[in-house]
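Working notes, structure below.
The values are calculated or read from the model by the stated rules, or taken from the named source; none is laboratory data. Treat the numbers as computed from the prediction; the structure is a model and nothing was measured. Every residue, glycine among them, receives a Cβ derived from its backbone with ideal geometry; neighbour counts consider all protein chains shown. All accessible areas refer to the heavy atoms of the entire protein, side chains included, with ligands and DNA or RNA removed. Shrake-Rupley method; radii C 1.70, N 1.55, O 1.52, S 1.80 Å.
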Amino acid sequence: VPLDAPHQEVQERLAKDHPDVAAIGRRVFNNFWMEKPVEKMAHQYEMLRAQGQSKQEAYATVSEECRKVMRVVGRQQQIMAHEAKQSGASMTLREAQGLLKAVNFMQQNAQTLREMDYKGLETAIN
């Protein structure tokens, strides 16, 4: 796709070159009336082009700013995950799946579990 293509094609190229930003747009901003990150990038590209930057310079500027923002977002997500794990108020998806498997196993085998099994599971959970 050439960089002087219409708005939609610029968005598609940005989404292809920056899949993490496109994923945020699909995952978080599912509402059609909200501006997605890729749309913001395309708008910024068009503004830079209107200010007289070349196609390559404008695209490089938009891409670099995207990388900076995604580094900050990634770091924020790491910090939030670490704080959640330290507080004990939440758990990871893997931990939740393990807990659900244990509860499912207990429900299916409730008749055959011995008292000793329950004490072992209680110790493992706590």
- Task: State all residues of the range 38-72 that are among the hydrophobic types (A, V, I, L, M, F, W, C), open to solvent by less than 60 Å² (accessible area, probe 1.4 Å) and either part of a loop (DSSP other than H, G, I, E, B) or free of Cβ contacts under 8 Å to residues at least 40 places away in the same chain (or both); if no residue qualifies, say none.
- Result: V38, M41, A42, L48, A60
- Message: Suppose the filter is at pLDDT below 80, loosely packed, with under 13 Cβ neighbours inside 10 Å and in a helix (DSSP H, G or I); does M80 pass it?
- Response: no
